[in-house]
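These notes concern the structure reproduced below.
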Amino acid sequence: MKLAFSTLGVPGLPLSEVTALATAHGYHGVELRAHPEEPVHTGLTAEQRADVAAAFKAAGLDVLGVAGYARVAAPGDDEPVLAEVRALIDLARDIGAPYVRVFPGGGDEQSAEEADATAARRLGTAAEYAADRGVRILLETHDSHRTGADAMRVLGLVGHRQVGALWDVMHTWLGGEQPVESFAALSPHLGYVQVKDIASADDTTPVGLGAGVLPLTDVVEVLSRNGWDGWLCWEYEARWYADAAPLPGLLAPGREHLSRLLNESA
């Protein structure tokens, strides 16, 4: 498995410093948070996008994915959501990222069945656009669809190879699933895995990998046992927790912890 981290952990950091951190601490790639407050977002010009791709190529790093905020199950008209997803797909293609992350965002104003149908309809529509651009859309286990079983209700309706799953191990665990259950549900569609650690179920402040309560050993074990060889991406949610320790000082021990779990599971 290859290791990456998300720029959510280093909010606003210039890309030159992001790539320096990744190479210095032994990571193979970076997930780029796509937001106007970040260096990478859908408003970049063609020249700026080419510069992003060139910077990662020069550093010998992969852009793992574009982490967008489109909410595909949200109530309302389809077109604004589809336009947002298409913009993320174009950005991913232009900077050389194979994946785009979207959220469910079903909310409380509709039934689960309505949210599933809305998400599936939009993802199915966007799938062909993504296929033409060589990009895969990944529905993250999050908010209204936080477990693997929840996500599978949508992905089973879509049934398109360009639409898959992003396994956020915190949300599936908080949703009451064990890693073996989450993997069983998501494995036919799995794009990559977001790892993290938190203080407790009641305090989701990010901590260093291995210093919290999430079952990372079990996650890596089930992935290894099933021969999965994709990406593990550390999503350290520093942007949302002002008191969290700075990520740069945690990157080396985090990579060492993941490497130890991989070796032990092998």
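Of the residues ALA149, ALA165, the single one that is of a type outside the set (S, T, N, Q) and farther than 18 Å from TYR69 by Cα is ALA149.
Residues in the range 1-10 that are among the small types (Gly, Ala, Ser) and assigned to a strand (DSSP E or B): ALA4, SER6.
When every residue of the range 109-131 is checked against the conditions, at least one turns out to be open to solvent by 50 Å² or more (accessible area, probe 1.4 Å) and touching a Pro at 6+ places or on another chain (Cβ under 6 Å).
Taking (1) assigned to a strand (DSSP E or B); (2) in contact with a helix residue (DSSP H, G or I) (Cβ under 6 Å, 6 or more places away or on another chain) in turn, TYR129 satisfies each apart from (1).
Going by the conditions given, is ASP143 touching a strand residue (DSSP E or B) at 6+ places or on another chain (Cβ under 8 Å), open to solvent by 40 Å² or more (accessible area, probe 1.4 Å) and under 20 Å from GLU31 (Cβ atoms)? Yes, satisfied. Restricting HIS41, HIS28 to residues that are in contact with a Leu (Cβ under 6 Å, 6 or more places away or on another chain) and over 22 Å from VAL158 (Cβ atoms) narrows the list to HIS28. Just one of the listed residues (ALA242, ALA252, ALA201) is at pLDDT below 95 and surrounded by fewer than 16 Cβ atoms within 10 Å (Cβ to Cβ), and it is ALA242.
Please note which helices (runs of 4 or more DSSP H) are completely contained in the range 152-266 and include at least 2 residues that are within 26 Å of VAL10 (Cα to Cα).
169-174, 216-225, 248-265
Residue-wise test of (1) under 15 Å from the mean Cα position of the chain (by Cα); (2) within 26 Å of TYR129 (Cα to Cα); (3) of a type in the set (Phe, Trp, Tyr).
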{"site": "GLY9", "(1), (2), (3)": "yes, no, no"}
{"site": "GLY12", "(1), (2), (3)": "no, no, no"}
{"site": "GLY29", "(1), (2), (3)": "yes, yes, no"}
{"site": "VAL52", "(1), (2), (3)": "no, yes, no"}
{"site": "GLY65", "(1), (2), (3)": "yes, yes, no"}
{"site": "ARG71", "(1), (2), (3)": "yes, yes, no"}
{"site": "PRO104", "(1), (2), (3)": "yes, yes, no"}
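Of all residues in the range 210-233, those that are surrounded by fewer than 20 Cβ atoms within 10 Å (Cβ to Cβ) have Cβ atoms under 8 Å from Cβ atoms of residues that are charged (D, E, K, R) and assigned to a helix (DSSP H, G or I), 6 or more apart or on another chain, in THR217/GLU264.
The values are calculated or read from the model by the stated rules, or taken from the named source; none is laboratory data. Keep in mind that what you see is a predicted model, and the values were worked out from it rather than measured. No Cβ is skipped: glycine too gets one built from the backbone with ideal geometry, and neighbour counts run over all protein chains shown. Surface accessibility is based on the protein's heavy atoms, side chains included, excluding ligands, DNA and RNA. Shrake-Rupley method; radii C 1.70, N 1.55, O 1.52, S 1.80 Å.
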